[in-house]
Amino acid sequence: MTAHRLEPLINPASIAILGASADPGRVGGMPLQLLLQHRFAGPIYPINPKYQQIAGLPCYPDIEALPGPVDLIALAVPAREVVPQLRRAAAKGIRSAIVFASGFAETNDAEGRRLQDEFEACVAALDIPVAGPNCMGFANLKTHAYTAFASVFRDIAPPESGHRVALVTQSGNVCAAVYAASRKRDVRFSSVINTGNEAGVEFSEYLEYFADQPETETIAGYVEGLRDGERFRRVAERLRRETRPLIILKIGDTAKGAEAAASHTASLAGSQKVYRAVFDDLNVMIADDLAHMADLVHLSGFRARRAGSRVAILTISGALGALLSDKFVKAGADVPTLPVAVQQVLRAGIPDYGMVSNPVDLTGNVVNQHGFMCDALAALQACEEVDTIVVYAPGYLLQRLSPAMIEAAETSRKLIAAIDTFNAKNHAELEAAGIPVFDDTARAVAALSIFGRWSERAGAPSAAASSGPRSVAAAQPMARLDAAIVAGRRTLDEVEGKQFLSAFGLPVAAERIAASAEEAATAAAELGWPVVVKVLSPDIPHKSDCGGVRLGITSADEVRAAFQAVTAAAREAHPDAHIAGVVVQTQEPPGPEVLVGVTRDPVFGPVMTIGLGGVFTEILGDVEHRTLPVDAGRAEAMVRRLKAFALLDGARGRPKRDVPALCTAMATLSDAVLAAGDRIGEIEINPLIVREQGRGVVALDALVVLNNNQEADVSGGYRDNAAQRIA
């Protein structure tokens with residue numbers, strides 16, 4: 001359905017241009033020039049009452065004068081004229097449209113928003129694919145169907161054959177820049193798409209179209225914000241399974257970057273860390289800038305080679321070997337020490353002063369014995385501890401070593417890459433043999449490290465696809481949630497929240513509710529000393545902020561005093577809050593405190609966040625995210641990626657903590673949230689104490705925000721959203 005729907009838009013057999021111009025420097029003139037320059041085979045229909053003809057083509061006064069239906073019309077008219085002209089085009093039977101005009105939602109003003117709303121309503125009613133508005137247009141480089149007003153397609157020759165890469169971007173300038181940078185590396189694009197404001201066709205629908213084209217081997221995209229996270233995940237999962245690379249440059253790492261993205265395309269902006277977590281799970285290659293994106297697109301042409309994160313480095317310079325080793329390790333790759341047997345092979349041709357353990361210093365001696373390169377490469381290709389071989393050899397030396405490298409590439413699928421900072425003359429010969437060549441060390445490392453990680457995970461299902469929510473009995477806790485929602489409540493109180501989690505098997509602290517000071521003293525005596533006293537109110541989610549918590553209480557008199565103190569402090573800070581009394585809770589021995597929560601990301605839905613440090617989690621920002629479901633295996637991967645994981649793993653003689661129990665608790669939380677469906681807007685356990693190894697975990701506090709459509713913000717979450725704040 002998607003391929004059929006977008007076919008006239010991306011692969012039109014006939015094209016009309018409303019607002020066509022004889023001046024190629026104008027928006028309506030450049031697409032016409034490109035169509036004629038590259039000899040588009042289909043009919044071209046300029047529309048402009050100012051001209052009788054343009055470049056020998058009959059020019060029509062209006063849409064109604066066209067001789068018949070057309071696949072695609074490009075609208076080069078002002079924003080206020082777009083909707084009326086779209087309606088006329090649809091009435092004429094035109095099957096798709098591209099809208100160049102800006103002045104819609106990207107302006108961030110009331111008039112722009114009004115025009116965008118009117119545009120979206122029109123497109124929905126017409127039910128034809130419409131690209132834009134605020135769109136540079138498209139370029140189908142296989143059929144030369146150009147609807148773009150970009151001179152880059154005039155000045156840089158398109159590929160003549162082997163079209164294998166589709167480029168989809170939410171910025172016209174990025175389209176042009178990536179196309180230009182990649183064509184320098186002979187990347188063979190099939191289509192270049194600028195999505196604009198995506199009022200009619202969303203980014204992921206374009207991805208889906210190209211995924212349906214078997215000849216499309218790689219898809220590259222520039223993203224400011226996604227609107228359909230579920231479709232994106234579905235397409236990315238398919239591409240991962242089919243070992244077709246998906247390369248994404250996503251802006252918004254900083255507050256200023258996110259602000260600029262929102263003003264540029266008026267797109268929804270989910271947490272950047274959530275985006276990166278989703279991309280990582282789906283084995284999407286993440287580009288950092290335009291040049292990096294071009295390098296990854298270029299490397300994707302070598303995906304038939306077997307690569308990975310374990311790198312062997314061969315250089316003629318010890319200094320360059322050290323430099324490259326540092327860069328690869330910092331980029332997340334590994335430079336493993338080579339087995340003794342491999343080192344012995346290398347030592348046969350390398351003097352004693354040359355390093356053979358990895359990096360390998362061939363030394364200048366290789367100039368006189370360049371035949372030894374065959375032996376060195378053969379040993380590394382046979383070495384199971386190495387995935388990727390990187391050769392640094394500048395200029396003439398690379399040319400002398402090339403025969404051995406080409407021979408090695410012919411006998412093994414293991415990736416060999418070359419770095420040449422002196423511009424040897426045979427780069428094309430090496431690349432034809434399957435050996436990518438870089439002229440810059442930093443760019444080589446940045447691209448190869450990401451490509452290696454992609455390569456070793458290609459074809460395997462994502463963690464999310466291979467895991468799923470466990471079947472759980474949830475009737476009773478769901479009934480409680482439903483009752484609270486019907487009552488119009490925004491949150492559960494602390495005890496209700498922990499009862500909900502306990503129903504799914506998550507361990508919670510022993511506690512009692514007390515409505516008076518005497519009841520509190522009795523409860524404390526039953527629980528055993530020491531205890532904690534906390535004010536109980538569904539309206540006060542952060543009790544410690546208002547003095548609503550007392551710790552280390554060891555006597556009945558202290559409990560009575562604590563009851564009076566925390567309730568009084570809460571009433572003073574929150575005079576309108578309903579206070580049900582206090583919670584008297586067993587005080588846990590000191591141990592690592594963890595925050596675990598789930599929020600609803602506006603793009604990708606329920607997302608789990610974990611951070612170590614209790615009240616310091618937000619300050620330190622040491623958190624990991626994963627979309628649900630999260631099973632114990634995914635949970636362990638999240639925990640181990642925390643910078644503070646060493647605190648759980650027995651650093652500096654500390655006792656090891658029960659990480660398996662923590663991971664089980666995270667999986668249980670995932671099950672509980674998925675079982676609750678849309679009833680829960682947010683849930684947070686803070687703190688979750690991780691006891692010593694074998695002793696489990698225990699939740700001391702829980703916040704459950706109900707999804708009753710009251711106080712909801714635009715993200716689908718709620719105003720008091722700790723996990724979003726620390727993202």
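The values are calculated or read from the model by the stated rules, or taken from the named source; none is laboratory data. This one's a predicted model, so the numbers in the text were calculated from it and none came from an experiment. Here Cβ is always computed from backbone atoms with ideal geometry, including for glycine, and neighbour counts include all displayed protein chains.
Glu81 fulfils the conditions (1) out of contact with any Pro (no Cβ under 9 Å at 6 or more places or on another chain); (2) touching a residue at least 60 places away in the same chain (Cβ under 8 Å); (3) acidic (Asp, Glu); (4) more than 21 Å from Ile10 (Cα to Cα) except for a single criterion, (2).
Among residues of the range 163-177 that are in a helix (DSSP H, G or I), those with a Cβ under 7 angstrom from a residue that is not aliphatic (A, V, I, L, M), sequence gap 6+ or separate chain, pair up as Gly172/Asn194; Val174/Tyr222; Cys175/Thr169; Cys175/Asn194.
Out of everything in the range 207-222 that is part of a strand (DSSP E or B) and among the hydroxyl-bearing types (Ser, Thr, Tyr), what residue ends up being farthest from Tyr179 (Cα to Cα)? Ranking the candidates gives Thr218 first.
So which of Arg695, Arg691 is closer than 27 Å to Ser544 by Cβ and surrounded by fewer than 19 Cβ atoms within 10 Å (Cβ to Cβ)? Only one candidate passes the filter, namely Arg695.
Of everything in the range 310-334 that's among the β-branched types (Val, Ile, Thr) and either assigned to a helix (DSSP H, G or I) or more than 16 Å from Ala442 (Cα to Cα) (or both), which residue is modelled with the lowest pLDDT? Outline the logic, then answer.
From the range 310-334, those among the β-branched types (Val, Ile, Thr) are 311, 313, 315-316, 329; that's our starting set.
Restricting the remaining residues to those that are either assigned to a helix (DSSP H, G or I) or more than 16 Å from Ala442 (Cα to Cα) (or both) gives 316, 329.
On the way: Ile316: 88, Val329: 97.
For the range 310-334, the residue satisfying everything is Ile316.
The residue list Ser537, Ser544 contains one member that is touching a residue at least 12 places away in the same chain (Cβ under 8 Å), buried (at least 21 other Cβ atoms within 10 Å of the Cβ) and under 22 Å from Glu496 (Cα atoms), which is Ser537. Looking only at residues of the range 219-243 that are touching a strand residue (DSSP E or B) at 6+ places or on another chain (Cβ under 8 Å) and small (Gly, Ala, Ser), we find that the one that is nearest to Ala166 (Cα to Cα) is Ala220. Considering (1) crowded, with 21+ Cβ neighbours inside 10 Å; (2) in contact with a Ser or Thr (Cβ under 6 Å, 6 or more places away or on another chain); (3) not assigned by TED's automatic domain parsing to the domain that holds Val639, the lone condition that Val566 does not fulfil carries the number (2).
Determine whether Val584 is closer than 26 Å to Ala510 by Cα, over 25 Å from the mean Cα position of the chain (by Cα) and β-branched (Val, Ile, Thr). Outline the logic, then answer.
Values: closer than 26 Å to Ala510 by Cα: yes; over 25 Å from the mean Cα position of the chain (by Cα): yes; β-branched (Val, Ile, Thr): yes.
Against the criterion (closer than 26 Å to Ala510 by Cα, over 25 Å from the mean Cα position of the chain (by Cα) and β-branched (Val, Ile, Thr)), Val584 qualifies.
When the range 217-227 is limited to residues that are more than 21 Å from Ala458 (Cβ to Cβ) and touching a residue at least 60 places away in the same chain (Cβ under 8 Å), the one that is surrounded by the most Cβ atoms within 10 Å (Cβ to Cβ) turns out to be Leu226. For the range 19-33, a residue qualifies if it is surrounded by fewer than 24 Cβ atoms within 10 Å (Cβ to Cβ) and touching a strand residue (DSSP E or B) at 6+ places or on another chain (Cβ under 6 Å), and exactly one does: Ala22. Taking residues in the range 297-317 that are over 20 Å from Ile247 (Cβ atoms), and partners anywhere that are among the aromatic types (Phe, Trp, Tyr), the pairs with Cβ atoms closer than 6 Å and at least 6 places apart or on different chains are Val311/Phe328; Thr315/Tyr392.
Can you report the number of residues in the range 124-135 which are surrounded by fewer than 22 Cβ atoms within 10 Å (Cβ to Cβ) and in contact (Cβ under 8 Å) with a residue 12 or more places away in the chain?
Filtering the range 124-135 for residues surrounded by fewer than 22 Cβ atoms within 10 Å (Cβ to Cβ) gives 124-128.
Next, from what is left, pick out any that are in contact (Cβ under 8 Å) with a residue 12 or more places away in the chain: 126, 128.
Final tally of qualifying residues: 2.
Residues of the range 549-584 that are closer than 17 Å to Ala702 by Cβ and in contact (Cβ under 8 Å) with a residue 24 or more places away in the chain: Ala580, Val582, Val583, Val584. Annotation: of all residues in the range 589-648 being charged (D, E, K, R) and in contact (Cβ under 8 Å) with a residue 40 or more places away in the chain, the one that is nearest to Leu688 (Cα to Cα) is Glu593.
Just one of His574, His542 is over 30 Å from Tyr275 (Cβ atoms) and touching a helix residue (DSSP H, G or I) at 6+ places or on another chain (Cβ under 9 Å); which is it?
On the way: His542 fails: over 30 Å from Tyr275 (Cβ atoms).
Unique residue meeting the criteria: His574.
Any residue that is of a type in the set (Gly, Ala, Ser) and within 26 Å of Trp454 (Cα to Cα) - is there at least one of those in the range 121-135? No; the residues of the range 121-135 include none that is of a type in the set (Gly, Ala, Ser) and within 26 Å of Trp454 (Cα to Cα). Can you confirm whether the range 696-714 contains a residue that is modelled with pLDDT of 90 or more, under 14 Å from Pro592 (Cβ atoms) and in a loop (DSSP other than H, G, I, E, B)? Yes, the conditions are met somewhere in the range 696-714.
Hey, could you check the range 647-660 for residues that are aliphatic (A, V, I, L, M) and surrounded by fewer than 20 Cβ atoms within 10 Å (Cβ to Cβ) and say which is nearest to Ala484 (Cα to Cα)? Looking at the filtered set, the residue picked out is Val659. Counting the residues of the range 244-253 that are modelled with pLDDT of 95 or more and either in contact with a Lys or Arg (Cβ under 9 Å, 6 or more places away or on another chain) or more than 15 Å from Val297 (Cα to Cα) (or both) gives 3. Any idea which residue in the range 381-419 is nearest to Ser325 (Cα to Cα), counting only those that are part of a strand (DSSP E or B) and of a type outside the set (Val, Ile, Thr)? Within the range 381-419, the match that is nearest to Ser325 (Cα to Cα) is Tyr392.
Looking only at the range 552-585, residues that are at negative phi, outside any loop (DSSP other than H, G, I, E, B) and in contact with a Pro (Cβ under 8 Å, 6 or more places away or on another chain) come to 1 in all. Residues being farther than 24 Å from Ala382 by Cβ and not acidic (Asp, Glu) are entirely absent from the range 401-419.
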